[in-house]
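Quick note: the coordinates plus some simple rules give every number you see, no bench work behind them. Small disclaimer: the values here were computed from a predicted structure and weren't measured. Here the Cβ positions follow ideal geometry from the backbone for every residue, glycine too, while neighbour counts run over all protein chains shown.
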């Protein structure tokens, strides 16, 4: 609960208490350093060993968690349910994919300087927009700049027309569907329905080497941590409170003198940038980007991760993306046909039983415990929280 | 942006802070406001009454920019035409409005509600880097005191009682430091005690700014002891002191004698 004088604290203290920072530091070390070590420094026979496949899989989860953070800023905090976050993820991914394609060199199936699909299509040379992506710096910047520019344009048009609620959800869904159809076209020069794949090296490191994959995993972990801190900074600032105010009462916001357009655009662009970075990290680890990432179902799943973990809490977004994707990997492996039913059931179950997501589970269990546990003579601890927290518990 | 506010400072007594010139608001042919000419003087406390559908809330909507007049002009201070401006721009000029049903940010604490309403820059970047200074905190504390919510500062606004929410919303308006305050039914759903407290609050607010109150509660209106405008079918029926208005035969007819009789009792 925010103390009355929170704004007097230094920035880092405003984001988290020292105890919380210590916990984040421990968790980060565990995720970022220990997982790769369990792959490289532990014998495969050991119980603690993590296979190459598992490390790459976890790396993919981390990029999903980054994507979920942006989604939560949009939906959980500002109330904008975008069902097209896959667009920005894919745009970032394609930018990185183009870089990776150009560094296959002569190792491709056709031993040609051109990407294989262009050889196959009998294209004589690279289209004009391809060559700059040979540069790693350019591709990296583009993987943020392309999605954010696109989001700025689309967001401006949508929010200026005061499209909101379910209408915004529908047009973002239509957007991702339209782009999927566009990216299917061979004429676009981005590999058609096969997309971009068969990469060999990234920034000079060979993708076949496990050390490269571990590096990408560590990088994903660091980017997730940085994204988290950036999002936390936004949500703890006055700007964050304006965003929540837009979610809870846009009218009052307008008549308090704020123009919601700028704020919505800001958060839409930030979420797109985060999604772009996530996409750029996803592609080298997974080894392919194709139009299936633009399927509306993929974007809807992002919303489900956030809902399952807990809207309006950044931790919930991360947790939800990890839990749902972990479940997905396990189930699609064991019981492939059941996955969609399970996903649907999890979503419905959470919405009905845990509307605040998994992060609210401890609090709810506590509340249930307080209500049903045999009453001890005195329970002074329950009376301690500040009034807001207390009321909430009693209301739950 | 600040120019019209400076102009308000320059207004001399008996000049109007807000002036509606032959305003008509028509919703699919229904005239919620019919050729209305209306003004509030600078520093005045004005009460607007009228039966349901008289156009009272429409009047507030037109001034605050929620509804644009179909015809006519709305002039703030000397010559700022509000009908050309957006709702948030009008708010930044120094016109605050309270809604009929209390509208606060329910998931924010009372203190945060006031902080969000604090007068100041409202751009994305300035809010991202905004920090409260000692003066801001003092202002917030003073407002908490004034609206009687000091011991509720850390509460989520959604947990407040109906009356407290009304006060919080008035507090949010005080934080904006408006030149003109529009209050739509500020004592709706309040107990007698709360109503009395709200009356005191409004009178104290009206000391250093112009206030327009729309109300149904005749006892409350009488207590405010100010000029009253009676609206009926989107036009002014009668204007003057409460006594004069209550004895006007047209007003009695419109109200079917009920409220005026109650007022005399």
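Computed quantities for the displayed model
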| item | result |
| --- | --- |
| Most fluctuating residue given options A:32, A:277, A:318, as computed from a GNM of chain A linking Cα atoms under 10 Å | A:32 |
| Cα Rg, Dmax (largest Cα-Cα span) when computed across region B:19-113, Å | 14.5, 44 |
| Packing-based order for B:70-78, B:174-182, A:147-155, using average beta carbon neighbours within 10 Å, highest first | B:174-182, A:147-155, B:70-78 |
| Pairwise centroid distance, computed over Cα atoms, of region B:103-171 with region A:69-100, Å | 33 |
| Residue-averaged beta-carbon neighbours from other chains (10 angstrom radius) around A:233-239 | 4 |
| Computed [θ] at 222 nm, helices only, for chain A once each DSSP H run of length n ≥ 4 contributes -39500 (n - 2.57) | -21000 deg cm²/dmol |
| Alpha-carbon gyration tensor eigenvalues x 5, square-rooted, for region A:210-302, Å | 33, 17, 9 |
| Considering only region B:132-265, percent of DSSP beta bridges that pair antiparallel, nearest 5 | 50 |
| Reference-scaled alpha-carbon Rg (2.2 N^0.38 Å with N residues) for region A:184-257 | 1.90 |
| Neighbouring partner chain Cβ atoms per residue of B:157-164, average, 10 Å criterion | 2 |
| Sites residue B:89 and residue A:40 - FRET efficiency at Förster radius 56 Å, r taken between beta-carbons, to 0.05 | 0.40 |
| Region A:311-367-region A:141-210 distance, computed between alpha-carbon centres (Å) | 26 |
| DSSP beta bridges in region B:3-264 [antiparallel fraction, %, rounded to 5] | 55 |
| Helix-only [θ]222 nm of chain B, DSSP H runs n ≥ 4, -39500 (n - 2.57) each, per residue, nearest 500 | -11000 deg cm²/dmol |
| Shape call, region A:1-99: gyration tensor on alpha carbons, a/c limit 1.5 | oblate |
| Peptide B:121-131 - average C-beta neighbours from other chains (10 Å radius) | 6 |
| Top of A:112, A:193, A:333 by mean-square fluctuation, Gaussian network on chain A, Cα under 10 Å | A:333 |
| Point-to-point label distance, residue B:142-residue B:30, nm (Cα→Cβ direction, 7 Å offset) | 4.4 |
| Rh by Kirkwood over Cα pairs, then Stokes-Einstein D for chain B at 1.002 mPa s and 20 °C, µm²/s | 112 |
| Whole-angstrom Cα spans of chain A along principal axes, big to small | 81, 60, 46 |
| Interatomic Cα distance distribution for region B:169-229, bins of 5 angstrom, percent | 4, 17, 34, 26, 15, 4 |
| Within a Gaussian network of chain A (alpha carbon springs, distance under 10 Å), most fluctuating of A:201, A:332, A:172 | A:332 |
| Zone residues, region B:136-168, relative to residue B:101, backbone N less than 14 Å from point 7 Å out along Cα-to-Cβ | B:162, B:166 |
| Global geometry of the protein assembly as shown, whether rounded, prolate or oblate, following the gyration tensor of its Cα atoms and the 1.5 cut on a/c | prolate |
| Bridge type composition, the protein assembly as shown - antiparallel percent by DSSP, nearest 5 | 60 |
| Ordering of B:23-35, B:140-152 by packing [mean C-beta count within 10 Å, highest first] | B:140-152, B:23-35 |
